[in-house]
């Protein structure tokens, strides 16, 4: 992949602030030799980003890069959207769908899908009277995501980014 393509992946899927610098370093390194191990890539990323002052970061500098590559290669966001739509469609009345996300991009997809399915009217806001006849198919169980407590995070540091959202299937009017 080109530097521009890598930068886009790191920026979009990893929300990496140093995406351009890391992408250029990867492309420059590949000119002399391929990057063959995860350790090589992690070291290259670590050398590419500025050293932090103050307390050390909770995550390794390469974490976002590996996450972005994984999301892009596996097309995870598309898979999540597809699976979520199928799960909502398969629910019986009163059935619940519960989704645990670990990344803000995933959480945004779940939040938007739940909100869309829980909305009665989809008419543009400037239309004075609803004409769409849309009916909500879900009821949000929790308006805001449930996150890990400080105690849970202390016992399980990976839970720090976890968010749980839940919704229940409603009856459709005939």
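The values are calculated or read from the model by the stated rules, or taken from the named source; none is laboratory data. Model, not experiment: these values are computed from the prediction. Because the Cβ atoms are built from the backbone with ideal geometry, glycine has one as well, and the counts that use them run over all protein chains shown.
Filtered by the rule that a residue be touching a strand residue (DSSP E or B) at 6+ places or on another chain (Cβ under 9 Å) and outside any helix (DSSP H, G or I), segment 149-174 gives 162, 163, 164, 165, 166, 167, 168, 169, 170. Among the residues of segment 37-56, those that are surrounded by fewer than 10 Cβ atoms within 10 Å (Cβ to Cβ) and either within 22 Å of residue 158 (Cβ to Cβ) or modelled with pLDDT of 95 or more (or both) comprise 37, 52, 55, 56. Pairing each residue of segment 102-113 that is closer than 12 Å to residue 162 by Cβ with any residue that is assigned to a loop (DSSP other than H, G, I, E, B), provided the two are 6+ apart or on different chains, yields C-beta distances under 6 Å for 102/162.
Take residue 119 and decide whether it is out of contact with any strand residue (DSSP E or B) (no Cβ under 8 Å at 6 or more places or on another chain) and farther than 26 Å from residue 14 by Cβ.
Working: out of contact with any strand residue (DSSP E or B) (no Cβ under 8 Å at 6 or more places or on another chain): yes; farther than 26 Å from residue 14 by Cβ: yes.
Answer is yes for this residue.
Test residue 58 against the criterion of being outside any helix (DSSP H, G or I) and not assigned by TED's automatic domain parsing to the domain that holds residue 148, and give yes or no. The answer is yes for residue 58. Of everything in segment 70-80, what is loosely packed, with under 15 Cβ neighbours inside 10 Å and assigned to a helix (DSSP H, G or I)? Give them in sequence order. Across segment 70-80, the qualifying residues are 70, 73, 74, 78, 79.
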